[in-house]
């Protein structure tokens, strides 16, 4: 006993060290204790944990496997091991460990729960369900029954479950939930789960019984989530009529102003009750009656609420819109009358424009009448309410502008009108603290939109200068306006001033999950602006920091799924899992990863370690089912309906990258890396630690990876710029040309594994687990090269597309340099990337012995010539980027900028102010042009030996 | 006029227009999930008919004995949707659930002293200052023109619910009672 207490005392400092992140001292303390207690599993587990945290994976693995082999049941050991295995990405082993422990102590309820949770974390819903069922039988607790029910539901919804199984599993869940002794409605979340199963199985009558029960009714009255389900089921059951009546009573009697009630109320007006179809006269007559009633109700609501609530008037508009779409028009003027009265009443609210947007899609007489109404709104502004009204007039007029009204002249007049009114009305917010937004902000934003549109019409950069300067002025007055900042981020990127874009992006302080939804603003095609080759890792670091959120997600979210189980919040569990999945398989996550890889290869030595590592990661990504969480809605959109919105107008190179872009780049990189790597699938399978990604149920039907890498779907290419397509053609040609030689020379898996085992043993002193080392084959040469029995592939001439790429693209560069800074950077960095592909693809043929053994002389000559030419061209480009950068920060360049901005230079927006913006833009452009140029020579000298 | 619906985990992908406002903090994933995994019925969203998020409230139920109550942790409305009584509607819901479901004695919340608009609004909703908490907002409370002394004293405001008909959970002289942040759970 005393020795146990002594051990306990000695363990405490180890825990302390682990808690405070002093992993090294934890290892030292563990070693000391292990001398006295060499077999102690807890100490071993803790040491393994410290080692994982020190990134000493191989050493940790050895200990980890020792502890696992002893099949621990002790709580402290299990907990420590859970963390070790999580650190190693071995969730499946955690499951096995707990299952073994629970098997040894089947009456240990806590162990049962832990085993269940381990399965939950790993997403093993089927085993989770089986354990929960067993626990329910053994410990007779109702909640274990519900655990098994929701596990079944989750299994049904899992992407790895074939769709044919789904219904069957829901039926099983239904059988389980109805087998409980207590009814589900004793608990809100159990009730929610029950309803969701009934909805899925379309057992609406059964759901009705629950919903019409007094307890069911009271749950729905106080719980929004259950009420949502109730509404859904009612709709699916075609009970719109009853739901409409219910909604009406809530609106009229209880004063409920939830818009969902109004929608239900309106749905009931246009239902097919006894009428055959929507085009029948009977339907129209019935509708007319119901519409009249609805109108009376809504008018009363509007009257009662006055300015306090917009529901009534907005529902009247919605009623009119729906009537028109059913072709039931009583009164041609009605929609306009409602619009006008809505504007009279709520025109001084900021949301008025958004409220009316769905209803102002007008044409012909309606449009001209609406327009003249808006134009007649007095333009004198003395109060903030009048200002808001004026802003709404501008927005509403603008959204309906026609092509003939969008000429250069008309748009110029409009832009300067917005700007003038902005300056005039700024004093209305002069007394607000600087943390507040200015009431006139939207006028500056409107002016910014108009100038950006002028740029789109004319392609003249000067309009972007004006937009940038006026928004900078807007920020001076309204420092907290994140909308202006986001607009500036876009504009500065278009201007080729990435550091200014980054400054504004950082000023909005994106945090946590916002990194996923907003980082596209700054990291989309960021390798264009990366100076990583010169050692400036700003953008590369931004990629890594942004990606932290994905790590937090995989470490934290599953814990809350477990908590939701313990707290029986079943309604949340599927939501949490969806959230985790959307973040884990986020499109933006992998776009960032791709950009980071592109930057990384410009500044790190290309060797087999990096290539193998990236290859494995990129292959994982390739099979993901991506979710696009990027937020583009955040940008203001005040452009007329008939032209592209601000977001589309300001995408870099006019093309937003999405799934197709990512897949294309992945195909390019994976193919090149795979050719030059010695890792084939069998080697990877043996060497890789941790769980493999789960495969979707349909993934079995997919073509082999090799073939999928050669695909080039047209819809994917549409997301690429023409220059990116050129790079794709180049890399494809290159891979096609060299592929057969790679395949011939690549050492067989057994040799690669033997080498890996040797390295691992040198490092840890233990042999590599699961790898048998075969004796060196008889035809093996001492330096690891193995000539195959089959004949070597014939050496062919390089394809035209590869030979000509650099010269063609140089011409493209000269042209791009004339058009804009970003175009020049885009083409230049793509040429550099092509060069890096050339390096990756030819690395294998570098060593003299390989060339000699495989008689590759003529092949080497061919690609050497291409490389030399590429280096010359890159050096040329570097020089011209250097010259261009010198031109950017001259007084002359600034003069062009300030003169362009003359339409907005006023006593408020002074010449000095604009000059300062000009200077910042010039400096930023100089920096990136110079840096990319210098980086190129660096890349050439690093990679050209 | 807006859709009132539960706050969902995936709303974290959609709350930018609300959270980019300087006064609204974006916390880590675990902050939102810890509320949703325990008090999902005290967390809701107001959404515009267009689908845009207008604002949200996050709350919890805590305390023991006569201190058992609903607490408003975060209440926020995007700038363009202010002055539409959205905050009041979300507070109504939170009070209703705290009363009916959790049977709490009162609802409470903390405000920054400098946030006169908010204090005014809560007073109109029936809240009164129960005590002031020193340094509750820490360095976040720096108002205009540097550190404002008043800012350091965030009022803890309360409103009794139906279970406290005697209004024992509030007091008239709350403004004069100052406690340190350590004494507040």
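The values are calculated or read from the model by the stated rules, or taken from the named source; none is laboratory data. None of these values were measured; they are calculated from a predicted model. Backbone-built Cβ (ideal geometry, glycine too); neighbour counts: all protein chains shown.
Observations on the model:
- Hits in the range A:551-576 - residues which are surrounded by 21 or more Cβ atoms within 10 Å (Cβ to Cβ) and more than 7 Å from chain B (Cβ to nearest Cβ): A:561, A:565, A:570, A:573
- Hey, residue A:334 touching a helix residue (DSSP H, G or I) at 6+ places or on another chain (Cβ under 7 Å) and free of Cβ contacts under 8 Å to residues at least 24 places away in the same chain or not: yes
Quick grid of which residues meet (1) over 38 Å from the mean Cα position of the chain (by Cα); (2) more than 26 Å from residue A:398 (Cα to Cα):
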| position | (1), (2) |
| --- | --- |
| A:271 | yes, yes |
| A:287 | yes, yes |
| A:291 | yes, yes |
| A:306 | yes, yes |
| A:320 | yes, no |
| A:347 | no, no |
| A:365 | yes, no |
| A:378 | yes, no |
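- With a requirement of 3 or more residues that are in contact (Cβ under 8 Å) with a residue 60 or more places away in the chain, the helices (runs of 4 or more DSSP H) lying completely within the range A:1-96 that satisfy it span A:57-69.
- The lone exception for residue B:78 - which of (1) buried (at least 21 other Cβ atoms within 10 Å of the Cβ); (2) touching a residue at least 40 places away in the same chain (Cβ under 8 Å); (3) at the interface with chain A (Cβ under 8 Å from one of its Cβ atoms) it fails: (3)
- Listed conditions (1) more than 14 Å from chain B (Cβ to nearest Cβ); (2) free of Cβ contacts under 8 Å to residues at least 40 places away in the same chain; (3) crowded, with 20+ Cβ neighbours inside 10 Å are all met by residue A:298, apart from (1).
- Only a single criterion out of (1) buried (at least 19 other Cβ atoms within 10 Å of the Cβ); (2) at pLDDT 95 or above; (3) within 30 Å of residue A:726 (Cβ to Cβ) is not satisfied by residue A:645, namely (1).
- Listed conditions (1) surrounded by fewer than 17 Cβ atoms within 10 Å (Cβ to Cβ); (2) in contact (Cβ under 8 Å) with a residue 60 or more places away in the chain are all met by residue A:544, apart from (2).
- Criterion applied to A:445, A:457, A:491 was being under 24 Å from the mean Cα position of the chain (by Cα), part of a helix (DSSP H, G or I) and either surrounded by 23 or more Cβ atoms within 10 Å (Cβ to Cβ) or away from chain B (no Cβ under 13 Å) (or both), and the one residue passing it is A:491.
- When residues in the range A:107-157 are screened for being at positive phi and more than 28 Å from the chain's Cα centre (by Cα), 1 of them pass.
- Residues in the range A:222-247 that are under 16 Å from residue A:189 (Cβ atoms) and either out of contact with any helix residue (DSSP H, G or I) (no Cβ under 6 Å at 6 or more places or on another chain) or assigned to a helix (DSSP H, G or I) (or both): 8 in all.
- Hey, residue A:679 modelled with pLDDT under 95 and buried (at least 21 other Cβ atoms within 10 Å of the Cβ) or not: yes
- Lone qualifier among B:66, B:61 - being modelled with pLDDT under 95 and more than 9 Å from every other protein chain (Cβ to nearest Cβ): B:66
- Selected residue [within 16 Å of residue A:188 (Cβ to Cβ) and in a helix (DSSP H, G or I)] from B:31, B:96: B:96
- Considering residues of the range B:88-111 that are in contact with a strand residue (DSSP E or B) (Cβ under 6 Å, 6 or more places away or on another chain) and under 19 Å from residue B:21 (Cβ atoms) only, the residue modelled with the lowest pLDDT: B:111
- Output for the range A:494-534, where each listed residue is within 14 Å of chain B (Cβ to nearest Cβ), touching a residue at least 60 places away in the same chain (Cβ under 8 Å) and in a helix (DSSP H, G or I): A:516, A:517, A:518, A:520
- Flag for residue A:700 being at pLDDT below 85 and in a helix (DSSP H, G or I): yes
- Search result, residues across the range B:2-28 that are part of a loop (DSSP other than H, G, I, E, B), farther than 22 Å from residue A:566 by Cα, at the interface with another protein chain (Cβ under 7 Å from one of its Cβ atoms) and touching a strand residue (DSSP E or B) at 6+ places or on another chain (Cβ under 9 Å): B:27
- All told, residue B:116 falls short of being touching a strand residue (DSSP E or B) at 6+ places or on another chain (Cβ under 7 Å) and either touching a residue at least 24 places away in the same chain (Cβ under 8 Å) or not assigned by TED's automatic domain parsing to the domain that holds residue B:18 (or both).
- Those residues of the range A:459-498 which are farther than 24 Å from residue A:906 by Cα and in contact with a helix residue (DSSP H, G or I) (Cβ under 8 Å, 6 or more places away or on another chain), in sequence order: A:486, A:489, A:490, A:493, A:494, A:496, A:497, A:498
- Residues located in the range A:460-487, provided they are within 14 Å of chain B (Cβ to nearest Cβ), in a helix (DSSP H, G or I) and buried (at least 21 other Cβ atoms within 10 Å of the Cβ): A:482, A:483, A:484, A:485, A:486, A:487
- All positions within the range B:29-51 that are modelled with pLDDT under 95 and at the interface with chain A (Cβ under 7 Å from one of its Cβ atoms): B:49, B:50
- Lone unmet requirement of (1) surrounded by 23 or more Cβ atoms within 10 Å (Cβ to Cβ); (2) in contact with a strand residue (DSSP E or B) (Cβ under 7 Å, 6 or more places away or on another chain) for residue A:531: (2)
- Given (1) within 9 Å of another protein chain (Cβ to nearest Cβ); (2) touching a residue at least 60 places away in the same chain (Cβ under 8 Å); (3) out of contact with any helix residue (DSSP H, G or I) (no Cβ under 6 Å at 6 or more places or on another chain), number of the condition residue A:537 does not satisfy: (1)
- Selection within the range A:338-368 - assigned to a helix (DSSP H, G or I) and surrounded by fewer than 15 Cβ atoms within 10 Å (Cβ to Cβ): A:341, A:344, A:358, A:364, A:365, A:368
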